[in-house]
Amino acid sequence: MNNTDVWIRRYFPSADAAIQLICLPHAGGSAPFYRPVAQALIPRVETLAVQYPGRQDRRHEPMIDDLGVLADRVTEAVTAVVDRPFALFGHSMGATLAFEVATRLERQQLFPLRVFASGRRAPSRHRNERVHQRDDDGMVSELRALSGTDQQIFGDEELLRMVLPAIRNDYRAAETYQYTPGAPLRSPITALIGDSDPKANHEEVEAWRSHTDGEFELHTYPGGHFYLLDHAADVLRVIDERLGEPTLR
């Protein structure tokens, strides 16, 4: 397995797809979260889901708790795999990571058609959150409050203890992230949010506008941090429509 195979999952490979969509998971998340996206968008869009180290088939690899370092590694993998127009989609921590990866790619003159930032405040909007410093019970309480974790996992103590290290690692990466001011992206940004998301309010998400010189739009849906689970069809429709024609020439 080469480096690209380690980082990138192609659930429905398609050499004929016009566009590639790079999907970045949330804190504690993994590549299979985006398998339904890949299935829905094929054959026009080939979805490439990023698999972070320290989970599932990469569980024996050291985790990365620095978002900048993680962005460097993901950028290397993406650079090796993109061979046609592409876009980035990230949810929660994955949205911040998508921004950092897009920033690095644009420095290499690789311009995403669009960056989709879901369930995350703009990089320039910092909160002093310390969830990663809580004990295990405190972490579990956080997961329950966000309602994004399979509820069955809470009844399986062994499984829960197995996944908590990756979740804590990712929270540390997201909560210690520090935005470095720089040139806005050339790529347009589509932000998506649940109207009762405790992790990002409207003003914080609207601030994504300042991170692009291109088009910006904000879509709001009923729901909390994992609004997209209940509104998957609507989110997929937005992705599909926005990738209908390349926006960068």
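Before moving on, here are some points about what is shown:
- Charge dipole magnitude, Cβ of K and R +1, D and E -1 - the chain, Cα centre, debye nearest 20: 460
- Residues with amide H under 5 Å from that of LEU113, placed H, sequence gap 5 or more: PHE86, ALA87
- Peptide packing: for 29-40, 112-123, the average count of neighbouring Cβ atoms within 10 Å per residue gives the ranking 112-123, 29-40, highest mean first.
- Accessible surface of segment 194-249, 1.4 Å probe, proportion on carbon and sulfur as whole %: 49
- Percent of Cα pairs exceeding the 28 Å cut-off, where the set is the chain: 27
- For segment 60-109, the share of accessible area belonging to carbon and sulfur comes to 49 percent (1.4 Å probe, ligands and nucleic acids excluded).
- Label point 7 Å beyond Cα of GLU129 along Cβ direction - residues of segment 13-34 with amide nitrogen under 11 Å: 27
- Mean separation of Cα contacts under 8 Å (6+ apart) over length of the chain, as relative contact order %: 20
- Over the chain, dividing the summed -39,500 (n - 2.57) contributions of all DSSP H runs of at least 4 residues by the number of residues returns a 222 nm mean residue ellipticity of -11000 deg cm²/dmol.
- Å² per residue, accessible surface of the chain at 1.4 Å: 45
The values are calculated or read from the model by the stated rules, or taken from the named source; none is laboratory data. Keep in mind it's a predicted model, so treat the numbers as computed, not measured. Backbone-built Cβ (ideal geometry, glycine too); neighbour counts: all protein chains shown. These area figures cover heavy atoms from the full protein model, side chains too; ligands, DNA and RNA do not enter into them. Shrake-Rupley method; radii C 1.70, N 1.55, O 1.52, S 1.80 Å.
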